[in-house]
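This report refers to the structure that appears directly beneath it.
The values are calculated or read from the model by the stated rules, or taken from the named source; none is laboratory data. All figures in this text were calculated on a predicted structure; none of them were measured in a lab. Note that we place each Cβ from the backbone using ideal geometry, even for glycine, and neighbour counts take in every protein chain shown.
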Amino acid sequence: MKKGFFVLLAVICSYAGMAQRTTTSTTTTGPSVLRDARNGKSYKTITVGGTIWMAENLAFQMGAGNSFNPDGNASNLAEYGFVYRNGLNQPEACPEGWRLPTKAEFEALLTSAAGAALLPTNTRTAPGSTTAKTSVDLLKDLGFDIKFAGMNAPGEQGGFFNDEFGTHCMFWTSTSVSGFQFPHKYAARIDKATGTLVYTPFRLDHAFSIRCVKK
């Protein structure tokens with residue numbers, strides 16, 4: 001009788017251990033949620049190639065001169081988030097435990113979406129498909145929602161102006177570019193009309209959208 005009891009107990013413990021291991025090893029690849037403790041705002045996230053991305057534009061207001069309303073209009077914040085300067089002495093814009101993505105991570109994001117390299121026409125064709133998709137199409141397929149928030153940029157005669165709202169979006173990367181008098185970093189620049197994505201060096205006093213990745 002005792003022997004039967006201990007066998008039953010061993011089976012129950014073994015099953016419980018298997019269930020616990022199954023639960024803790026699960027990897028989420030679909031939409032999930034990040035909650036920014038600084039202001040309580042929640043963002044959808046996606047996991048692509050082992051990297052966790054914010055699927056929505058960052059909308060945390062920083063100090064004066066670091067974050068701006070898209071197109072100068074506060075009513076755009078709910079949909080587009082803020083646009084941010086990427087200054088050398090700027091406090092970290094991303095929530096704790098998150099950071100700006102590198103240019104290479106943006107490139108890997110698109111490659112993971114289609115499983116193919118960028119074609120000369122700035123479209124990609126997924127394996128087994130004959131339909132070429134633009135960069136915007138591929139990002140949307142991933143759940144990486146694109147919002148064309150434009151930019152806040154320095155004017156040639158001084159001051160700053162809003163530009164390209166509704167037609168382009170730019171996402172800051174952390175990748176620096178050498179060869180300029182002033183510090184530059186790459187931004188992923190997406191054209192709504194053509195769906196193309198290019199990587200362009202910009203001075204850090206431009207303000208663009210931000211999508212953070214988990215450290």
Exclusive hit being of a type in the set (K, R), in a strand (DSSP E or B) and under 16 Å from the mean Cα position of the chain (by Cα), set R189, R211 | R189
Reported set for the range 49-69 where residues are of a type outside the set (S, T, N, Q) and within 13 Å of N86 (Cβ to Cβ) is L58, M62, G65, F68
Count of the range 67-76 residues which are surrounded by fewer than 18 Cβ atoms within 10 Å (Cβ to Cβ) and either in a loop (DSSP other than H, G, I, E, B) or in contact (Cβ under 8 Å) with a residue 60 or more places away in the chain (or both) | 2
Residue that is farthest from A104 (Cα to Cα), among those in the range 132-182 that are among the β-branched types (V, I, T) and part of a strand (DSSP E or B) | T134
Could you check, for the range 51-58, whether at least one of its residues is at pLDDT 95 or above and out of contact with any Phe, Trp or Tyr (no Cβ under 8 Å at 6 or more places or on another chain)?
-> yes
